[in-house]
1. Quick check on the chain: helices-only [θ] at 222 nm, where DSSP H runs of length 4 and up contribute -39,500 (n - 2.57) each and the sum goes over total residues. Nearest 500, please.
2. Can you pull the percent of Cα pairs in the stretch 1-67 with separation above 14 Å?
3. Could you tell me the relative contact order of the chain? Use alpha-carbon pairs under 8 Å, at least six residues apart, and round to a whole percent.
4. When a footprinting reagent is the concern and you count Cβ atoms within 10 Å, what order do 37, 67, 50 take, fewest first?
5. Most fluctuating residue of 80, 64, 103 in a GNM of the chain with Cα springs under 10 Å: which is it?
6. Please arrange 70, 113 by how many other C-beta atoms lie within 10 Å of their C-beta, fewest to most.
7. Alpha carbons only, please: Rg and Dmax for the stretch 22-107, in angstrom.
């Protein structure tokens, strides 16, 4: 059993547009995510069931057969193995809950999913 206070936790800076605080239990992980407008998550899937609940802002998710746009007090449940991606349409705060846990969140191995190659400028 553990007690956590989001206000006292230091966020992980996944990118300059994506901050995350993670609490991991034995079989579940909960993240408080702050994404700035324009933040993207590239297409991916995982073995965890995922529930995203937007607390403020607007976040759009692309699923295989449709787009879903979430705003405050709306939730999306994504089944295990379903490919999805996202883009923050406004500065957004959300809770992201996955079961079983997401080891890639703990290790940071998911960082490449949050970099949009189109947002980088390259000199030729």
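Bear in mind that the values in this text are calculations on the coordinates, not laboratory data. In this text, all values refer to a predicted model and were calculated from it rather than measured experimentally. Virtual Cβ from ideal backbone geometry, glycine too; neighbours counted across all protein chains shown.
1. Mean residue ellipticity, 222 nm, calculated: -1000 deg cm²/dmol.
2. The calculated P(r) of the stretch 1-67 puts 69 percent of pairs beyond 14 Å.
3. So the answer I get is 31 percent.
4. Exposure proxy ranking, most exposed first: 67, 37, 50.
5. Among 80, 64, 103, the largest mean-square fluctuation in the Gaussian network model of the chain belongs to 64.
6. The fewest-first ordering by Cβ neighbours comes to 113, 70.
7. 12.1, 33
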